[in-house]
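Enquirer: Please read through the structure below; I'll follow up with questions.
Readers should treat all values here as calculations from the given coordinates under stated rules, not as data from a laboratory. Quick caveat: nothing in here was measured; it's all calculated off a predicted structure.
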């Protein structure tokens, strides 16, 4: 699934999955998802507006991961850095290292798939 990194306000970072992908790959009964980041599991609550206006996975560990890799800024007009999430279980994804590839009009692209129970 194509998605994009997201930055909101001064301190908010996340992974934007978009409305179409939210409907296709996420279940409305989910209130959270888990991401494996550098081998550690992090739980992220889905916001109340995930299904309406803000289809993003957000949280501090994502910001720290972006900053550690120098990919937390994409305001130079070259677009954001592409990423990939790999499914590793129910509601659980592994965030892979960025390739350095950029593009898509300032949006970060991500691949996500859902595994059933």
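Enquirer: Provide, for q = 0.19, 0.24 Å⁻¹, the log10 of I(q)/I(0) from a solvent-free Debye sum over equal Cα point scatterers in the range 4-103.
Expert: -0.97, -1.52
Enquirer: At 0.36 nm per residue, minus the direct Cα-Cα distance, what do residue 27 and residue 45 gain on full extension? Give it in nm, one decimal, please.
Expert: Numbers: separation 18, 0.36 × 18 = 6.48 nm, distance 1.34 nm.
Fully extending the segment from residue 27 to residue 45 adds 5.1 nm.
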